[in-house]
Amino acid sequence: MVVLSLIYQGLIIVLLLTFSFGPAFFSLINTGIKYGYKPGSLLAMGIVLSDFMLCLAICLVVHFGAINLLHSEKAQTFSAIIGGVILIAFGTFYFRKHTTKSDAVIEVDYQAPHPSLMILKGFVINLFNPTVWFLWLGNVTAISKTLDYSMLKMILFFSIVLTITLVVELTKVYLAGKIKRFLTDRLMTIVNYITGSALIIFGLVLIYDHFFQVK
């Protein structure tokens with residue numbers, strides 16, 4: 001029963017991480033379409049790497065019984081405001097990347113940023129999304145009970161889950177790259193605007209919910 005429970009919970013985590021339609025999702029699809037598979041895969045690696053670091057950090061917090069620190073209102077408000085500002089900053093960049101407005105299908109590849117920058121971008125845009133923190137907080141807390149709070153077992157379990165997540169993310173990048181041949185410059189501009197708008201909206205909602213909203 002424990003094994004079946006872990007498989008079920010693992011599949012739920014993979015689905016939540018890869019199809020949550022958050023900032024990382026829109027950035028990943030945009031990168032796959034615009035730059036192709038390799039830059040998109042590097043962004044995906046950065047995203048999954050940040051997931052692993054968050055998971056490891058929360059596992060340590062749970063293991064040492066300091067979980068209340070992450071539940072504190074001040075910690076949540078601070079992380080939400082910082083994350084919101086960073087998401088808005090990333091979103092504005094997509095509005096600056098204008099393409100030539102024509103009906104010709106895109107035939108040349110855009111110059112992709114340096115590989116290390118792609119990994120860093122994926123890492124940062126996922127790390128500073130408080131929703132991801134809360135997701136991992138809930139998952140680690142639930143799994144820790146199933147695995148009797150064993151640090152080694154938790155790390156092994158989540159390593160397997162994140163490996164599967166990376167495979168799914170790479171598949172998404174591959175499929176996104178395949179539709180590039182059908183896009184015109186005008187459509188690519190629209191894709192950029194949609195991605196930028198999504199990131200800005202996510203950032204504004206985070207700031208509003210944790211700072212401006214009257215409780």
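Which of the peptides 151-162, 194-205 is most tightly packed, and how do the rest follow, judged by the mean count of other Cβ atoms within 10 Å per residue?
Ranked from most to least packed, the peptides come out as 194-205, 151-162.
Only counting other Cβ atoms within 10 Å, I'd like D148, D209, D51 sorted with the fewest neighbours first.
Details: D148 9, D209 15, D51 25.
So the ranking, lowest neighbour count to highest, is D148, D209, D51.
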Under the classification rounded if a/c is under 1.5, otherwise prolate if a/b is larger than b/c and oblate if not, where does the range 158-203 fall, given a ≥ b ≥ c as square roots of the Cα gyration tensor eigenvalues? oblate
Given a Förster distance of 45 angstrom, what is the FRET efficiency for I160 paired with I81, based on the Cβ-Cβ distance and rounded to 0.05? 0.85
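Rank the residues H114, H63 as a footprinting-exposure proxy: fewest other Cβ atoms within 10 Å of their Cβ go first. Could you put the intermediate results ahead of the total?
Details: H114 10, H63 15.
Ordered by Cβ neighbours within 10 Å, fewest first: H114, H63.
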Residue separation between F95 and R186 times 0.36 nm, minus their alpha-carbon distance, gives in nm 31.4 nm
Within the set of other residues whose C-beta is less than 14 Å from the C-beta of I47, count the net charge using Lys and Arg as +1 and Asp and Glu as -1. 0
May I ask you to derive the FRET efficiency for L4 and M53 from their Cβ-Cβ distance with R0 = 35 Å, giving the value to the nearest 0.05? 0.75
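All of the numbers you see were taken from the coordinates with simple rules; none came from a lab. Here the structure is a predicted model, which is why all the values come from computation and not from measurement. Don't worry about glycine lacking a Cβ; one is built from the backbone with ideal geometry, like all the others, and counts go over all protein chains shown.
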